[in-house]
Amino acid sequence: MQEVGKFQVRKMLVLHGMDFSFETEAIEYFSKLPVITFKKLESIERLLNLLMPGKSESHSIGQLPTEEWEDYREFKSNHLNAKYSRHLLELNENFNKFFKQGDARALKEYQKLRRSSLFPLGNGDEIRSAKNNIITLISKLTRIAIEEGIAKGEAFSLHDFYINFLESKDDINELSHLELTIVQAYLNVMKQRNQTSIVSPLVHKAKNYIYQNLTEDINLKVIAEELHVNPNYLSSVFNKDTGTSITKYINAQRVKEAKELLTNTQYSLMEISILLGYNSQSYFTRVFKKHEGISPKDFRQKLQSAYLT
């Protein structure tokens, strides 16, 4: 029903007392399995019923509500209009250009694009339609970010966080606000990338390696060997360009990931410490407390208390 990644595989191994030597084989196995959900089946059936010649507009899932059907007809009609299509293409190109540059004008261009191109995707459910449009947006921004050089780990982390977070929202105004927040969050990542583009290519490679191997047992020596450079030289360049050591940077990224796991999953502290490559739960707790000022246990309890109030 959903993608199975390294976190899920490691959790499975932990829960069943299996050795981590099975990890690569398990990930490869799950990656070959198709992901299908009932919502996806609904969407495919709906699309086929609309496109197949000789098919009536009503189908087993149910005919589209009148208002939504009229909206779709209007949308389809507009897209057949060449002038409108050119306008839409121009808005999309402007947004993509400004977004890739990390330019704040991308947000305004997105708002124009949204008003011009949004159409129902919820089978009559306004909330579901808004969520599906946001999921489409997140996927697009993630793809562009990766194409523009953002580390896959960082982009997918943002992707997973917001897709999980939006499902907790059931108010159309909150979803509209979240939509713009998501664009701004990705825009900030692009802006930061452009601002730091003057740093050494070696530092970029080191950061990418860290993002992609955050759950592994990585350190300065391991990264230096992977990048075929002297550890002392890598340490010096990294410190100069980032103002921090590789060890501190790794821990900061792991704490960031730990906060998302504590917020969005029910993994135990032991499971999270294993997933993030720490040798023990106590060491993970010490690192987390040093960065955040409170223990991971207190962090989760504080979140849970906030949800209840």
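The values are calculated or read from the model by the stated rules, or taken from the named source; none is laboratory data. Owing to the predicted nature of the structure, the values given are computational and were not obtained by experimental measurement. These accessible areas exclude ligands, DNA and RNA; they are computed on the full protein's heavy atoms, side chains included. Shrake-Rupley method; radii C 1.70, N 1.55, O 1.52, S 1.80 Å.
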Query raised in the report: V9: accessible area at probe 1.4 Å, nearest 10 Å²?
Result: 0
**Report entry** Three-way shape label, the stretch 235-309, alpha-carbon gyration tensor, a/c 1.5
**Finding:** prolate
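Could you rank D171, D103 by how accessible they are, 1.4 Å probe, largest area first?
Heavy-atom accessible area, descending, gives D171, D103.
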Report summary line: Rounded to the nearest 10 Å², the 1.4 Å probe accessible area of Y211 is 40
